[in-house]
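Shown next, in structure tokens, is the structure this report addresses.
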Amino acid sequence: MARPLPPRRESRPRSEEAAILLPFFGIVLLMPPIVNLFVAKEMFFGVPPVLVYLFAVWLALILGAVLVSLAAPFRGGTFREDRGEEEAEGSP
């Protein structure tokens with residue numbers, strides 16, 4: 001009787017995929033044709049809508065980067081491991 005196949009593992013974690021896609025979404029959202037959709041003579045509390053849009057996209061990209069970095073697994077060692085224990089003990 002054949003053994004059941006083990007569950008298939010993803011080759012790349014979802015957080016890495018999101019980290020790759022996040023800058024591309026930012027580029028698309030900040031392209032002039034998209035930004036020009038928000039150019040208008042109306043004002044929101046004295047601020048042009050294009051500025052509201054630009055700062056909203058900027059804030060969304062920052063928050064997306066924070067969420068991706070929190071979801072990403074920690075792969076590196078500590079600072080002491082990178083420098084070596086002998087060097088780390090002798091220096092301040």
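The values are calculated or read from the model by the stated rules, or taken from the named source; none is laboratory data. Small disclaimer: the values here were computed from a predicted structure and weren't measured. Cβ atoms come from the backbone with ideal geometry, glycine included; neighbour counts cover every protein chain shown.
At-a-glance table
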item: Answer from 73, 33 - the residue that is in a helix (DSSP H, G or I), at pLDDT below 90 and either at negative phi or not β-branched (Val, Ile, Thr) (or both); result: 33
item: Qualifying positions in region 36-55 - surrounded by 13 or more Cβ atoms within 10 Å (Cβ to Cβ) and modelled with pLDDT of 85 or more; result: 48, 49, 50, 52, 53, 54
item: Neighbours by Cβ (under 6 Å, 6+ apart or cross-chain): first from region 34-63, without any contact (Cβ under 8 Å) to a residue 40 or more places away in the chain; second assigned to a loop (DSSP other than H, G, I, E, B) and surrounded by fewer than 14 Cβ atoms within 10 Å (Cβ to Cβ); result: 49/40; 50/39
